[in-house]
Amino acid sequence: MKIIQYLTELPENKEDDPGPKKSRTCKTKLKSQDGQLFNVESHSDKQLRHFKFLSVSFMSQLLSSQSFVKKIVECNETEELQELEQRLLEDVLRYINTVASSVEGNVDKPTAKFWRVLLNKCYDMLDKVNALLPTETFIPVIRGLMTNQLPSVRRKAMDLLNNKVQQRTKWQKSQILQLLELIPELIAIVQCKRKEEEEEQAINRQTALFSLKLLCKGFGAENPVPFIPVLKIAIDLISSEKEERNVTGSALLCIAEVTCTLKAQAIPQLPRLMPALLRTLKNKKELVSNEIYLLSAITALLKVAETLAHFLSPYLLDCLLQIVRLEKIVVEFGPTSQITLRIISLKTILATRLAPRILLPAVTKCYSEVANTRKNCLGPLMNILKEHIVVMEKEHLISHQSELTAFFMKALDFRKEHAQDDLEEVGKTEACIIDCLLSMVMKLSEASFRPLFFKLFDWSRTESTLKDRVLTFHRIADCIADKLKGLFTLFAGHLVKPFAETLNQVNISKTDEAFFDSESSTEKSCLLLQFTLDCLYKLFLFDTQKFLSKERAETLMMPLVDQLENMLGGDETFQERVTAHLIPCIAQFSVAMADDSLWKPLNYQILLKMRHSSAKVRFAALLALVEVAQKLKENYLVLLPESIPFLAELMEDECEEVEKQCQKTIQQLEVILGEPLQSYF
């Protein structure tokens with residue numbers, strides 16, 4: 001202790017020395033021959049630094065030398081020794097403080113590295129002193145240091161405590177009780193409003209909150225009662241508007257740990273905790289600018305939800321509102337960030353731990369709140385509902401089916417209610433709603449699904465003016481056809497006529513009337529046409545039950561083939577639609593026809609389009625012909641004789657592109673049918 005005191009009294013460097021005139025009298029009685037242990041005047045600056053470094057190294061080595069440690073072990077732990085150990089720790093911490101301020105003061109000077117090395121050596125010495133203390137002594141010593149005048153000493157004391165708690169795994173009961181007695185001291189530091197520098201104070205309060213969190217993690221499960229006041233204090237901190245953000249962040253993490261540990265004993269605090277916690281999540285600006293604060297807030301809500309999911313019903317609507325909002329905020333952090341992963345966990349907890357009678361009304365209310373004001377939040381909300389439906393037990397699904405159906409009927413009107421909004425954005429949201437609906441459809445029996453499907457069909461027909469529901473329904477039908485595959489033919493019989501009518505109503509070669517009454521009528525009609533063709537394609541593709549009877553095939557044949565001349569949406573859209581949607585549909589239609597006597601009329605109707613005035617239509621008809629032949633393979637041979645004259649005409653077409661395509665078509669037919677056709681021309 002005297003060496004440390006002597007080092008403290010030495011000047012930082014030689015220039016700072018007041019000199020011989022005002023010869024400083026060292027209080028420490030350490031004298032050498034010339035009356036001074038280290039004469040600053042007769043030594044260089046470098047030697048002064050060297051002396052300091054050697055002194056600290058010497059103490060560090062002495063404190064860990066076997067002979068010295070052996071003496072300490074042999075010496076019974078008396079109060080006197082305990083007091084000396086505490087004073088030694090205080091002195092070391094005080095000296096560390098001195099060196100730390102020298103590190104700051106010499107940052108830009110050549111000696112900066114020396115001061116950093118010396119500081120590390122001092123920390124090494126601190127660890128050695130710490131290692132000498134038996135646990136029984138360590139705790140009272142730390143307790144003494146936590147009330148020290150210097151904020152840096154108080155902080156270092158808490159750091160030492162934190163390290164000890166994190167490193168040791170086995171504690172005796174008496175030691176645990178001693179540690180728990182530190183809780184009031186730590187709470188006092190958290191509440192501390194001393195007039196120190198604010199930054200210093202904030203760091204100490206954060207460190208104290210971290211200590212409380214570690215103590216709770218280590219010992220709270222067996223000793224919950226002392227941590228109830230900790231939870232109360234932490235809630236006070238997050239409730240305060242003026243609190244420093246980093247302190248609030250630490251308080252949030254403390255809440256997460258304590259709630260997790262206290263479990264049911266935390267329930268009485270929920271009426272204060274949840275509103276305060278949800279309020280912190282509402283402040284979007286602050287959360288986005290401070291990633292750690294955002295992570296702390298989400299972690300706290302996650303742990304509370306994990307531990308007390310069944311007690312959240314009074315706050316559930318607010319929780320949902322905040323979570324669906326946050327999901328949109330956290331997109332920028334990337335899919336693997338801790339923040340994103342915790343939001344996903346939070347959604348899963350709400351979706352899987354709550355009973356439908358609690359969650360479904362909250363989802364319905366949440367939908368109503370965000371449907372108009374924050375439309376981009378509907379996707380995350382639908383994901384929660386979907387996850388809930390997936391884990392729902394069958395009897396729950398049956399008892400809540402009417403409630404869910406009513407919800408979907410309301411949600412599916414999203415397109416109608418936002419008819420003037422950006423089509424792509426509306427489409428994205430609608431896709432989430434339909435995806436959620438499908439999760440329910442896939443769990444229903446045929447007897448439960450049939451009435452639901454017809455209800456949706458009737459619902460789509462009741463809107464006479466806007467017709468946006470028709471677009472939504474055709475999209476639903478397309479998605480259901482994709483999921484149910486061959487089973488969909490059981491329900492699709494009554495769609496044939498309406499679909500055929502729709503194909504004619506959006507065909508501008510047949511009608512001048514726009515199908516939709518809105519500015520984006522053409523885009524909507526293109527979408528409707530695409531969903532209709534895709535749904536029919538899937539119907540034909542998965543049909544194993546001879547769904548396409550002669551009557552149904554005749555109903556659909558002309559509306560489908562006539563699409564070859566439907567220029568809706570302009571040339572580019574027409575070409576994309578023909579190759580990606582229409583031709584695959586017509587080709588699959590030819591395969592699915594139960595009656596092969598219908599091949600001839602279908603082929604003939606396609607051939608007639610080859611005489612159309614528009615070169616684009618003639619070109620499209622050639623593509624369709626090849627696809628049908630590709631599907632029918634050698635069966636197409638019987639249709640070849642009537643196709644030859646039409647192809648012969650196009651071999652001399654006025655449009656060069658059509659003529660080239662015709663030659664290509666003949667080559668493709670030769671490959672498909674395995675016969676040379678050139679002799680026919």
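The values are calculated or read from the model by the stated rules, or taken from the named source; none is laboratory data. Every value quoted in this text rests on a predicted model; they were computed, and no experiment measured them. Cβ: placed from backbone, ideal geometry, glycine included. Neighbour counts: every protein chain shown. Only protein heavy atoms, including side chains, enter the accessible area calculation; ligands, DNA and RNA are left aside. Shrake-Rupley method; radii C 1.70, N 1.55, O 1.52, S 1.80 Å.
For this structure, a couple of remarks:
- Here Thr555 fits the description: in a helix (DSSP H, G or I), over 45 Å from the mean Cα position of the chain (by Cα) and of a type in the set (S, T, N, Q).
- Residue within region 66-79 that is over 13 Å from Val141 (Cα atoms), among the polar types (S, T, N, Q) and either at pLDDT 90 or above or part of a helix (DSSP H, G or I) (or both) present: yes
- Filtered residue count, region 608-628, keeping only those that are small (Gly, Ala, Ser) and closer than 13 Å to Phe646 by Cβ: 2
- Residue within region 149-166 that is open to solvent by 50 Å² or more (accessible area, probe 1.4 Å) and more than 42 Å from the chain's Cα centre (by Cα) present: yes
- Of all residue pairs spaced 6 or more apart or on separate chains, those with beta-carbon atoms under 6 Å, a first member in region 254-280 that is in contact (Cβ under 8 Å) with a residue 40 or more places away in the chain and a second member that is among the charged types (D, E, K, R) and open to solvent by less than 50 Å² (accessible area, probe 1.4 Å) are Cys254/Lys213; Glu257/Lys213.
- For beta carbons closer than 6 Å, sequence separation of 6+ or different chains, a first residue in region 535-546 that is more than 12 Å from Ile480 (Cβ to Cβ) and a second that is open to solvent by 40 Å² or more (accessible area, probe 1.4 Å) and modelled with pLDDT under 95, the qualifying pairs are Lys546/Ala594.
- Filtered residues of region 631-644 (kept if within 19 Å of Gln663 (Cβ to Cβ) and either surrounded by fewer than 16 Cβ atoms within 10 Å (Cβ to Cβ) or of a type in the set (Ser, Thr, Tyr) (or both)): Tyr636, Ser643, Ile644
- Test for Ala202: is it over 23 Å from Pro271 (Cβ atoms) and without any contact (Cβ under 8 Å) to a residue 24 or more places away in the chain: no
- Residue check for Val391: surrounded by fewer than 21 Cβ atoms within 10 Å (Cβ to Cβ), in contact (Cβ under 8 Å) with a residue 12 or more places away in the chain and farther than 18 Å from Leu312 by Cβ: no
- Hits in region 561-606 - residues which are β-branched (Val, Ile, Thr) and surrounded by fewer than 18 Cβ atoms within 10 Å (Cβ to Cβ): Thr573, Thr579, Val591
- Of the residues making up region 125-138, those that are in a helix (DSSP H, G or I), touching a residue at least 12 places away in the same chain (Cβ under 8 Å) and either over 20 Å from Phe58 (Cβ atoms) or open to solvent by 50 Å² or more (accessible area, probe 1.4 Å) (or both) number 6.
- Among the residues of region 303-320, those that are crowded, with 19+ Cβ neighbours inside 10 Å and among the aliphatic types (A, V, I, L, M) comprise Val304, Ala305, Leu308, Leu312, Leu316, Leu320.
- Candidates in region 631-662 are the residues that are acidic (Asp, Glu) and in a helix (DSSP H, G or I); of these, the one that is nearest to the chain's Cα centre (by Cα) is Glu657.
- Here Ser460 fits the description: hydroxyl-bearing (Ser, Thr, Tyr), more than 31 Å from the chain's Cα centre (by Cα) and either buried (at least 17 other Cβ atoms within 10 Å of the Cβ) or not in a helix (DSSP H, G or I) (or both).
- Among residues of region 344-392, those that are of a type in the set (Asp, Glu) and either modelled with pLDDT under 95 or over 20 Å from Leu438 (Cα atoms) (or both), counted: 1
- The listed residues are Ala419, Ala431, and the only one of them that is in a loop (DSSP other than H, G, I, E, B) and either open to solvent by less than 30 Å² (accessible area, probe 1.4 Å) or modelled with pLDDT of 95 or more (or both) turns out to be Ala419.
- Filtered residue count, region 468-497, keeping only those that are open to solvent by 40 Å² or more (accessible area, probe 1.4 Å) and aliphatic (A, V, I, L, M): 2
- Residues satisfying the stated conditions in region 610-622, i.e. buried (at least 22 other Cβ atoms within 10 Å of the Cβ) and part of a helix (DSSP H, G or I): Arg618, Phe619, Ala620, Ala621, Leu622
- Options Thr261, Thr299, Thr307; residue that is assigned to a helix (DSSP H, G or I), in contact with a Gly (Cβ under 7 Å, 6 or more places away or on another chain) and closer than 27 Å to Ala355 by Cα: Thr261
- Conditions (1) open to solvent by 30 Å² or more (accessible area, probe 1.4 Å); (2) at pLDDT 85 or above; (3) assigned to a helix (DSSP H, G or I): number failed by Glu199: (2)
- Within region 68-86, tally of residues that are over 25 Å from Leu7 (Cα atoms) and free of Cβ contacts under 8 Å to residues at least 40 places away in the same chain: 8
- Residue under evaluation Pro271, criteria (1) at pLDDT below 90; (2) open to solvent by 10 Å² or more (accessible area, probe 1.4 Å); (3) under 27 Å from Ala351 (Cβ atoms), criterion not met: (1)
- Test: residue in region 343-364 that is surrounded by fewer than 20 Cβ atoms within 10 Å (Cβ to Cβ), under 20 Å from Val288 (Cβ atoms) and in the same structural domain as Ser296 (by the TED database): yes
- So Phe531, is it hydrophobic (A, V, I, L, M, F, W, C), touching a Lys or Arg at 6+ places or on another chain (Cβ under 6 Å) and more than 18 Å from Glu576 (Cα to Cα): no
- Any hit, region 378-387, residues being open to solvent by 70 Å² or more (accessible area, probe 1.4 Å) and assigned to a helix (DSSP H, G or I): no
- Filter pass, Ser250 being open to solvent by 10 Å² or more (accessible area, probe 1.4 Å) and either in contact with a strand residue (DSSP E or B) (Cβ under 8 Å, 6 or more places away or on another chain) or small (Gly, Ala, Ser) (or both): yes
- Flag if Ile398 is assigned by the TED database to the domain that holds Ala256, among the β-branched types (Val, Ile, Thr) and assigned to a helix (DSSP H, G or I): no
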